Amino acid sequence: MREIEDYQQYFDETFEKLSLSFSEFTEVEFEDCEFTDCNFSESTLKHCKFINCYFDRCNLSLIRIPQSRFFGVTFVESKLVGVDWTQAHWPSFNVDHELRFRNSILNDASFFGLTLNELELTECKLHDVDFREGDFKAAKMTFCDFTHSLFMRTDLRGADLTESTQYHLHVLENQVEGAKFSRFEALNLLESLGVELVD
C-alpha cells in the first residue's frame, strides 16, 4: 500500500484500498493517478491538485477541499456526500474542468455559484444538492435523481437532463434555452408557471 505524503507529486500511480479517513494532506499533486476502493471520508485536502485522475468505488464523503484543484477527474461508483465543491479552486480562465460523476452519490453537496460547463452527472443520486447561481452550460445530467435539489438563477443552456427525475425548475428563474428534458418530467416545468394541464 502506497503512503501519501505532504508536498509530494505522484504521477501515473495506482492507489488501492487506502484507509485515510480523518486524515489531512497539504499541497499534494496527483496526475494520471487511479484510486480504487479508497476511503478518504472526512479528510482534509488543502491546496492539493488532482489532474486527469480516476476514482473507482471510493468514499470521499464529507471531505474538505480548501483551494484544491480538480481537472479531468472522473468518479465512478463513489460516495461524495456532503462535499462543498465551492471550497475548491476553479480558475476563471477555464470554464470546462472536465469533471465527471457516474453511478455515484452526491447528496447534500454544494455547487453554488460555480462555473462548470460540460459537467457530467450520469446515473447519480443528487438529493438536496445546491446548484443555485451556477453556470452549467452544456452539462450532461442524465438518469439522475435530483430530489429536493435547488435550482435558481442557474444556467442550464444546452444541458441534457433526459431520463433524470425529481427536479423542480422554475423556467423563469433559470436559463434553460436549448436544454433537453424527458417529456413526462418536462410537465413539471409547466407546473412552475401555474399552467393547468388537461387531458
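The values are calculated or read from the model by the stated rules, or taken from the named source; none is laboratory data. Quick caveat, the model's predicted, so the values are computed rather than measured. All Cβ positions, glycine included, derive from the backbone under ideal geometry; neighbour counts span all protein chains shown. Please note that ligands, DNA and RNA were not included when accessible areas were found on the heavy atoms of the full protein model with its side chains. Shrake-Rupley method; radii C 1.70, N 1.55, O 1.52, S 1.80 Å.
Around residue 134, with a cut-off of 11 angstrom between Cβ atoms, what is the net charge of the other residues, counting Lys and Arg +1 and Asp and Glu -1? Neighbourhood net charge equals -1. Here the spin labels are modelled as points 7 Å beyond Cα on the Cα-Cβ line, and at residue 166 and residue 103 they lie 2.0 nm apart. In the chain, the inverse of the mean reciprocal separation of distinct Cα atoms equals 17.4 Å; this is its Kirkwood hydrodynamic radius. In order along segment 97-110, phi translates into HN-Hα couplings of 8, 6, 9, 10, 10, 9, 6, 10, 10, 10, 3, 6, 8, 10 Hz, rounded to whole numbers, per the Karplus curve 6.51 cos²θ - 1.76 cosθ + 1.60 with θ = phi - 60° and x for Gly and Pro.
Simple rule: put +1 on each Lys or Arg Cβ and -1 on each Asp or Glu Cβ in the chain, find the dipole, and look at 175, 110, 127; the Cα lying farthest toward the positive end is 175. The fraction of Cα-Cα pairs per 5 angstrom bin, counted from 0 for segment 1-114, comes to 3, 12, 22, 32, 21, 8, 2, 0 percent, rounded to whole percents. Among 183, 157, 69, the largest mean-square fluctuation in a Gaussian network model of the chain (Cα springs under 10 Å) belongs to 183. Under 5 Å between amide hydrogens, built in the peptide plane, is the criterion, and for residue 49 it picks out 28, 29, 30, 69 among residues at least 5 positions away or on other chains.
Among 161, 172, 116, the largest mean-square fluctuation in a Gaussian network model of the chain (Cα springs under 10 Å) belongs to 172. Just to confirm a number: summing +1 for Lys and Arg and -1 for Asp and Glu over residues other than residue 76 whose beta-carbon lies under 15 angstrom from that of residue 76, what do you get? Net local charge, residue 76 excluded: -2. Computed in the context of the full set of protein chains, the accessible area of the chain at 1.4 Å probe radius has 45% of its extent on carbon or sulfur. Under 5 Å from the amide H of residue 169 lies no amide H of any residue 5 or more positions distant or on a separate chain, with H modelled from the backbone and absent for Pro and chain starts. Close amide H contacts of residue 15 (hydrogens built in the peptide plane, cut-off under 5 Å, sequence separation of 5 or more or a different chain): 34, 35, 36. Of the three principal axes defined by the Cα atoms of segment 34-94, the extents in descending order read 32, 21, 15 Å. Extension gain, residue 76 to residue 190, is 37.7 nm, computed as 0.36 nm per intervening residue step minus the present C-alpha separation. Probing with 1.4 Å while keeping every protein chain in the model, the per residue accessible area of the chain equals 50 Å².
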